[in-house]
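The values are calculated or read from the model by the stated rules, or taken from the named source; none is laboratory data. A quick note: this is a predicted structure, and the numbers were derived from the prediction, not measured. Neighbour counts run over all protein chains shown; Cβ positions are idealised from the backbone, glycine included.
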Amino acid sequence: MAILKLARMGHPVLKRTADAIDDPTAPEIRRLIADMVDTLADASGVGLAAPQVHVPKRLVIFHIPESRAREALDDDMEEGEDEEDEEDDEENGNGDAVPMTVLINPEIEALSDETVIGVEGCLSLPDMIGRVPRFRHIRYKALTPDGSNIEREVSGFHARVVQHECDHLEGILYPMRMEDLSTLGYVDEMGRSELPLGERIRERKKAADND
Ligand code: NI
């Protein structure tokens with residue numbers, strides 16, 4: 001196991017299109033996945049793409065812990081949504097935790113034009129967050145580490161995380177998807193009323209620092 005060094009915005013590996021993986025079961029891919037899982041846990045993140053650890057291959061990992069799933073549902077509700085949308089999200093399993101998932105050579109298809117704005121951060125832009133529009137409903141297909149196929153239709157935060165991670169494989173970072181760059185900023189500088197998620201991240205950091 002190893003904690004890998006994270007590439008930050010500006011590094012060339014984050015700007016290029018990542019290469020397809022020929023053999024998902026290859027030993028070096030298994031090692032890469034294990035190291036990425038360790039690295040993600042160490043950074044307390046929800047998702048990580050191989051280019052972020054300087055490996056330009058089409059592989060992403062993510063998980064949604066129970067706490068983040070519930071929080072994300074609230075955040076997505078903040079603007080432009082009504083109760084009916086929230087009920088829809090809950091019916092679709094949005095707000096549910098997702099165990100650690102590995103996607104190899106993933107492909108995403110938007111299932112409608114509908115987008116939703118939510119708060120995102122990225123381990124390649126440490127301590128920053130911004131509001132990013134994403135498709136609400138997507139279908140994604142990928143290979144798993146044992147070489148089988150995975151196909152899921154998802155919505156809300158799950159769909160957001162997958163879109164964010166797969167963008168890394170195309171050299172796209174979340175600020176490049178933002179419509180209003182005035183909402184991009186350092187977590188520590190943002191007020192509670194402005195960005196509730198930012199406040200919670202800050203509080204988590206404070207709690208972690210006090211450990
Ligand atoms: Ni990211």
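Summary table
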quantity: Those residues of the range 104-124 which are in contact with a Leu (Cβ under 7 Å, 6 or more places away or on another chain) and within 19 Å of Val46 (Cβ to Cβ), in sequence order; calculated: Ile104, Val119, Cys122, Leu123, Ser124
quantity: Selection count, the range 138-168, where residues are away from the ligand (no atom under 16 Å from the Cβ) and hydrophobic (A, V, I, L, M, F, W, C); calculated: 5
quantity: Any hit, the range 22-38, residues being in contact with a helix residue (DSSP H, G or I) (Cβ under 7 Å, 6 or more places away or on another chain), under 19 Å from Val162 (Cβ atoms) and β-branched (Val, Ile, Thr); calculated: no
quantity: Where Arg68 falls short, out of the listed (1) at pLDDT 95 or above; (2) basic (Lys, Arg); (3) part of a helix (DSSP H, G or I); calculated: (1)
quantity: Residue identified as modelled with pLDDT of 95 or more and within 30 Å of Glu66 (Cβ to Cβ) among Asp23, Asp42, Asp19; calculated: Asp42
quantity: Residue match in the range 57-65 (condition: within 23 Å of Arg136 (Cβ to Cβ), modelled with pLDDT under 95 and more than 16 Å from the ligand (Cβ to nearest atom)); calculated: yes
quantity: Enumeration of residues in the range 31-47 that are surrounded by fewer than 16 Cβ atoms within 10 Å (Cβ to Cβ) and within 15 Å of the ligand (Cβ to nearest atom); calculated: Ala43, Ser44
quantity: Residues satisfying the stated conditions in the range 126-143, i.e. buried (at least 19 other Cβ atoms within 10 Å of the Cβ) and within 18 Å of Pro51 (Cα to Cα); calculated: Ala142, Leu143
quantity: Test result for Arg192, assigned to a loop (DSSP other than H, G, I, E, B) and either modelled with pLDDT of 95 or more or more than 25 Å from Lys15 (Cα to Cα) (or both); calculated: yes
quantity: Residues satisfying the stated conditions in the range 12-30, i.e. surrounded by fewer than 17 Cβ atoms within 10 Å (Cβ to Cβ) and more than 19 Å from the chain's Cα centre (by Cα); calculated: Pro12, Asp19, Ala20, Asp22, Asp23, Thr25, Ala26, Pro27, Glu28, Arg30
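Residue by residue, here is whether (1) in contact (Cβ under 8 Å) with a residue 60 or more places away in the chain; (2) within 16 Å of the ligand (Cβ to nearest atom); (3) of a type outside the set (A, V, I, L, M); (4) part of a strand (DSSP E or B) holds:
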{"residue": "Met100", "(1), (2), (3), (4)": "yes, no, no, yes"}
{"residue": "Glu107", "(1), (2), (3), (4)": "no, no, yes, yes"}
{"residue": "Ser112", "(1), (2), (3), (4)": "no, no, yes, no"}
{"residue": "Gly118", "(1), (2), (3), (4)": "no, yes, yes, yes"}
{"residue": "Leu125", "(1), (2), (3), (4)": "yes, yes, no, no"}
{"residue": "Ile129", "(1), (2), (3), (4)": "yes, yes, no, yes"}
{"residue": "Val132", "(1), (2), (3), (4)": "no, yes, no, yes"}
